[in-house]
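Peer 1: Can you keep this structure in mind? I'll have questions shortly.
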Amino acid sequence: MSTDPRGPHAWDRLWAPHRKEYLVEEAGNYDIDSCPFCIAQTVDDPTGLVVFRAAHAFVVMNKYPYNSGHILVCTNRHVATFDELNPDEMREVGELTAQAMRTLRVVSNAQGFNIGLNQGSVAGAGVADHFHQHVVPRWSHDINFMPIVGGTKVLPELIERTRELLSESWSK
Ligand SMILES: [Zn+2]
């Protein structure tokens, strides 16, 4: 865990470098061979930015976060929308979403969450063909940093460190 003397509030510092990140998903058409959520299942956790893997679904960092700790609960299967999920997938997506909230509270002192689905490209989904539920931690002071300011880049090491913190804390 963090060695920051401020303890769990360390993310105040960790997420500062990308306060001005943008809010969009990475738009594009992905078939099953180029799908980032399918590829993430074929590589190791750090490479795929995977936080946790379960039987029917998994948790991965969003490379284009609204906030530090913005994670995605994805089905293992390459299916597009919520109504295509089978009962096992629906149950596990729900369980992983709940565990994501608990873990984000522990690791980052999240005070609230935005949880939701963009279903279809017209609704803002970037990877429209592979189901993913957004879990975005929120803090009372973060609203100032939400507006879109383009042109900055996500620092990969920052997301990687966040992934480590979440992964270490996930099952505790
Ligand atoms: Zn896929």
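Taken together, the values in this text are just the output of simple stated rules run on the coordinates, not laboratory data. No experiment lies behind these values; they were computed from the predicted model shown. Positions of Cβ are backbone-derived with ideal geometry, glycine not excepted, and every protein chain shown enters the neighbour counts.
Peer 1: Contour minus end-to-end for Arg53 and Arg161, with contour as 0.36 nm per residue of separation and end-to-end as the Cα-Cα distance?
Peer 2: Numbers: separation 108, 0.36 × 108 = 38.88 nm, distance 1.79 nm.
Contour length minus the Cα-Cα distance gives 37.1 nm.
Peer 1: Under 5 Å between amide hydrogens, which residues at least 5 positions from Val51 or on another chain qualify, with H placed 1.01 Å from N in the peptide plane?
Peer 2: The answer is Val59, Val60, Met61.
Peer 1: Another question about this same structure. Modelled label-to-label distance, Asp88 and Asp44, 7 Å Cα→beta-carbon offset: nm?
Peer 2: Simple spin-label model gives 2.8 nm for this pair.
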